[in-house]
Amino acid sequence: MEGKTMVKLSNVVAFLLLASLFQPLTARDLVLKVSDEIEVLRLIPLANENQVKELDDSEPVCPGKQSWPELVGQQAFTAQEIIQKENPIVKEVEIIVPVMPVTGDFVCGRVRVYANFQFIVVQTPKMG
């Protein structure tokens, strides 16, 4: 019994030591006093301000070819090879049949090929 307690205690001590190494980020750290009366919430820059540009629907988010409408009706495995050849940033080509669940997240470098049970592409493959 004492051995388990000592292991738990050592885990807690290790966690506290590691946690003390990181500086906490609180709302107070983000407040910038402009004058005696005005406090402004300072935003942490995520990228160089000169490189940041607004995204619009006309520009693709990922580089290279985004969709392959010419592959509808082709074999899914053939479509997989064509997609990987035409866009080198594609790291993952998923073949999805009707019963497979998929997530709704967008991933640059992933293309989902929707096929029927005969592995014929039934929907335009798109990046994401």
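Pulled fully out, how much extra length does the chain show between Asp105 and Lys65, if you take 0.36 nm times their separation in residues and subtract their Cα-Cα distance?
That works out to 12.5 nm of additional length.
So what is the accessible area of the stretch 70-112 per residue, in Å², with the probe set to 1.4 Å?
I get 62 Å² per residue for this part.
Modelling each spin label as a point 7 Å along the Cα-to-Cβ direction, I'd like the Phe119/Leu17 distance in nm, to one decimal.
Inter-label distance under the simple model: 5.4 nm.
The values are calculated or read from the model by the stated rules, or taken from the named source; none is laboratory data. Just so it is clear, the structure is predicted and the values come from calculations on it, not from any experiment. Here Cβ is always computed from backbone atoms with ideal geometry, including for glycine, and neighbour counts include all displayed protein chains. These accessible areas exclude ligands, DNA and RNA; they are computed on the full protein's heavy atoms, side chains included. Shrake-Rupley method; radii C 1.70, N 1.55, O 1.52, S 1.80 Å.
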